[in-house]
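Encoded as structure tokens, the structure appears first; notes follow it.
Just so it is clear, none of the values below were taken in a lab; they were calculated from the coordinates. These figures come from a predicted structure and were not determined experimentally. We place every Cβ from the backbone using ideal geometry, glycine too, and count neighbours over all the protein chains shown.
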Amino acid sequence: MIMEFDLNKLKKRPSYPFETIAVGLAFSPRMESILAEAKKIADACGSKLVLIHVGTKTKEKEKSLGDILFRNNIEERKVKIIWTEGDVVDMILKLCKLNIVDLLILGALEKENIIKFYLGSVARTISRKAKCSVLLMTESSTSEHSKRKVIVNAGTDHLKTIHSINTAFYFAKHIGLKEVTLVHEVHVPALAMAMAESSSAPEVTKIKKDFSEEETNKLHSMISKCDIGSLKINEKIIKGKPGYAIRQYAETKKADLLVINSPDMHLTFFDRIFTHDIEYILADLPCNLLIVHSRV
Amino acid sequence: MSKFTHNDLIILLTAIGVILILSRVIGELGRKFKFPIVMGEIVVGILLGPTVIGTINPEFFEKVFPKDGNVSIAFDGLVNLSVVLLLFVAGLEVQLSLVLKQGKAAISTGFFSMIIPFATGFAAAYYFPTLFGYDTDTRGDIFFAIFLGTALSVSALPVIARILMDMNLFKSSIGMLIIASAMFNDLIAWLIFSFLLAMNSSEGTLGVGYTILYILAFGLFMLTIGKKIIDRSLPWIQTKLSWPGGVLSISIGICLLCAAFTEKINIHAILGAFIAGIAFGDSVHLHEKAREILHQFVTNFFAPLFFVSIGLRVNFFDNFDVMIVGIVLLLAYFGKVVGATFGAYLGGIKIRTAIAVGFGLNARGAMEIILGTIALNAGLISQKIFVALVVMALVTSLTSAPMIRKFYVEKGK
């Protein structure tokens, strides 16, 4: 009954503001830096913090967590700490729904070993299935928030994109960023084949130019609908397979955060074999990754 | 074995030169009227072949395009190489990830636009063989029935892509759905056709179980491990070797080796080339420019040789059977349009748009002609059926754009 009530509350809930932020605790060596970053974000966005550990509750773990919270000025009475047991993925997903979590923060390796990747690691499986936005943290950047580079995937043909861009803007403004780069990937399968047999050189040039202009106009139109505020917006149109092209771009530009839409469908093993979109990014994270679940 | 003489070389080079120039001239004329270039190439074949010049001046025809001897063998070799490379570039554009990405609508459309034409073609050929000129009171040949089903279920990605580009629907959701479904159709159709050729091989068959096993094993290997190896090697090939020579030599070399391998294990060279094409084309590292060069190289040199050669072998006038052509056309339209429309509708597309998808996938073009030619060479079909398939391929390609426009573009007005 409680579950049903909470699910209804989740429906059409906007992807921002981040009223509740949850952090998955794995008691790994990087847990402290992830918690410190989570606190900074929660403070900046005025969010409640929920800490979740799925595993046996031991005195050592309790003490270790207490020490970390103390060192990072996180008052235990102000955060909700949930200790539970069971399947890690299922429990975290369930607890996120029950607590109406808006953003789930998880630590993740840049690259999983091949078997773990195909079978599905905890962080990546959650990020494919979650009904809230997920921030996968590969590293805790030591640079000032205001100097961090944020790249947003601005695929203009998707309804979710405008929500992802607005969420990225909300996040950027709250953590004090000055600028955001919107990147639009253009990929037209079978175009080379279509042009090969009966297009003259001027026609080929015109077709390519028209495609490029059309995409630029779409991007401008989308930006005009967003709440930019005082942010400086950079625009970039890149060619290549969706997911892969932006992953490469983020890596080349040494981005601190890449923001993308949540997946449109239930992703399976086959999506990792015949890789597309988000799977290119999850296969080898170029930086921290924010997957915006817009619930549209 | 006789030596390839000075005179043989002159005849071969003249024939190739005439074919390339004439097919370009006629193709460019046809382009003015929005006809697919393959149509011009077929017309050149009909003009140069037994249908026109062979009837008017048989001595000249026999001299330039001899049926036997060294020139004929060399030309056959070139035509076979052309088929292999045409299948390679067709595979280059098949992106399984796009089919997965398009989700339910693409899978449903791809499946039903395959299964319904296959079932109607198979049933017609198996239960009513006399309709296709077979003298039998009993049931038809199972191989012919499977072939006709496969031939009716194939779609021509190059023609479809061109139509969508001309209609400015390429990047639309309907465009992507048609492209993804056509990719699915092509992949399954070529797998079934390879199975059929293997079962019908004059070199001895492997048996149903082994044939299926070999096809699946080769396909799975190339599309998983093979694809990963290609994916890892391409950045090195494209940066460390000469550009674009390096990637051209290596990709075509691998295509030919795969084709040779599948031919060796009796599952026909086309499958090796097609799967090699998919493995290369699906790589994120294949530069768009390299892809364009591969298409240009094959489409403008090998494709004319192949499509003109069709008219050189078959007398289209003598083998034009109105009834067979009519039945093939009827089956082709019914199976594909109904199947694809039903599949798209089930996939959540509105009925008018679903019909537009059906007509979009109905274009058979070059793929049908390649399939028919290989079947004719393998003795699976008669020349009358082959002519009917060529006519069907051209008619469906020509009617596709106006019908999409009727059901889709008008809606937006």
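Identify which of A:94, A:208, A:236 has the largest mean-square fluctuation in a Gaussian network model of chain A, with springs joining Cα atoms closer than 10 Å. Highest fluctuation of the listed residues: A:208. Between B:85, B:22, B:389, the Gaussian network model of chain B with springs among Cα atoms under 10 angstrom shows the greatest mean-square fluctuation at B:22.
Given +1 at the Cβ of Lys and Arg, -1 at the Cβ of Asp and Glu and no other charges, the dipole of the protein assembly as shown around its Cα centre is 2380 debye to the nearest 20.
Once Rg and the Kirkwood radius are both taken over the C-alpha atoms of the protein assembly as shown, their ratio Rg/Rh works out to 1.05. The amide H of residue B:51, built 1.01 Å from its N in the peptide plane, has B:316 as neighbours under 5 Å, considering only residues 5 or more places off or on other chains. With 18 Å as the limit, the listed pairs A:149/A:209; A:241/B:228; A:111/B:228; A:149/A:178; A:97/B:104 have A:149/A:209; A:97/B:104 beyond it between alpha carbons.
For residue B:345, the shell of other residues with beta-carbons less than 13 Å away shows a net charge of +3, using +1 for Lys and Arg and -1 for Asp and Glu. Distances between every pair of Cα atoms in chain B, grouped in 10 Å steps from 0 to the bin holding the largest one, split as 5, 22, 32, 28, 11, 2, 0 percent. Using the Stokes-Einstein relation with a Kirkwood hydrodynamic radius computed over Cα pairs, the translational diffusion coefficient of chain A at 20 °C and a viscosity of 1.002 mPa s comes to 106 µm²/s. Here A:279, B:59, A:214, B:93 are placed in order of increasing Cβ neighbour count within 10 Å, fewest first, which gives B:59, A:214, A:279, B:93. Between the amide H of residue A:20 and those of A:48, A:102, A:103, distances stay under 5 Å, these residues lying 5 or more places away or on another chain, with hydrogens modeled in the peptide plane. Backbone phi angles across the range A:108-115, fed through the Karplus curve with coefficients 6.51, -1.76 and 1.60 (θ = phi - 60°), yield HN-Hα couplings of 8, 6, 4, 9, 8, 5, 4, 5 Hz in residue order; Gly and Pro are listed as x.
Counting lysine pairs in the range B:276-413 whose alpha carbons fall under 21 angstrom apart, excluding pairs fewer than 8 residues apart on the same chain, gives 5.
Across the range A:143-289, the mean sequence separation of Cα contacts (distance under 8 Å, 6 or more residues apart), normalised by length, yields a relative contact order of 33 percent. Between the listed residues A:70, A:35, A:135, the Cα displaced farthest toward the positive end of the dipole of the range A:1-140, a dipole computed from Cβ unit charges relative to the Cα centre, is found at A:135.
Phi angles across the range A:56-70 convert, under the Karplus curve 6.51 cos²θ - 1.76 cosθ + 1.60 with θ = phi - 60°, into 3J(HN,Hα) values of 5, 8, 10, 5, 4, 5, 4, 5, 4, 5, x, 4, 5, 4, 5 Hz, Gly and Pro given as x. Under a model in which nothing but the beta-carbon of Lys, Arg (+1) and Asp, Glu (-1) is charged, the range A:143-289 shows a dipole of about 560 debye around its Cα centre. Considering only A:262, A:240, A:183, the residue lying farthest towards the positive end of the dipole of the range A:143-289 is A:183, judged by Cα position with unit charges set on Cβ. GNM remark for chain B: springs join alpha carbons under 10 Å apart, and the peak mean-square fluctuation among B:64, B:44, B:308 falls on B:64. About the centre of its Cα atoms, chain A shows a dipole size close to 600 debye [charges on the beta carbon of Lys, Arg (+1) and Asp, Glu (-1) only; nearest 20 debye]. Summing charges over neighbours of residue B:314, with a neighbour being any other residue whose Cβ is under 13 Å away from its Cβ, gives +1 when K and R count +1 and D and E count -1.
Ordered by the number of other Cβ atoms lying within 10 Å of each residue's own Cβ, fewest first, B:114, B:39 fall into the sequence B:39, B:114. Which one, B:88, B:49, B:108, is farthest towards the positive end of the dipole of the range B:4-143 when Lys and Arg carry +1 and Asp and Glu -1 on their Cβ? Farthest towards the positive pole: B:108. Only helices enter this figure: runs of n ≥ 4 DSSP H residues, each worth -39500 (n - 2.57), summed and divided by the residues of chain B, yield -24500 deg cm²/dmol at 222 nm to the nearest 500.
Going by neighbour counts of Cβ atoms within 10 Å, the residues B:364, A:124 line up, fewest first, as A:124, B:364.
Computed over chain A, the per-residue total of -39500 (n - 2.57) for DSSP H runs of n ≥ 4 gives a 222 nm mean residue ellipticity of -12500 deg cm²/dmol, rounded to 500.
Restricted to Cα atoms, the range B:187-299 shows a radius of gyration and a Dmax of 15.0, 45 angstrom. For the pairs A:94/A:254; A:173/A:239; A:160/A:254, note any where the Cα-Cα span goes beyond 32 Å. Check vs 32 Å cut-off fails for A:94/A:254. The Stokes-Einstein estimate for the range A:143-289, based on a Kirkwood radius over Cα pairs and taken at 37 °C with 0.692 mPa s viscosity, is a diffusion coefficient of 199 µm²/s.
Determine the shape class of the range A:1-140: with a ≥ b ≥ c the square roots of the Cα gyration tensor eigenvalues, call it rounded for a/c under 1.5, and otherwise prolate if a/b is greater than b/c, oblate otherwise. Rounded.
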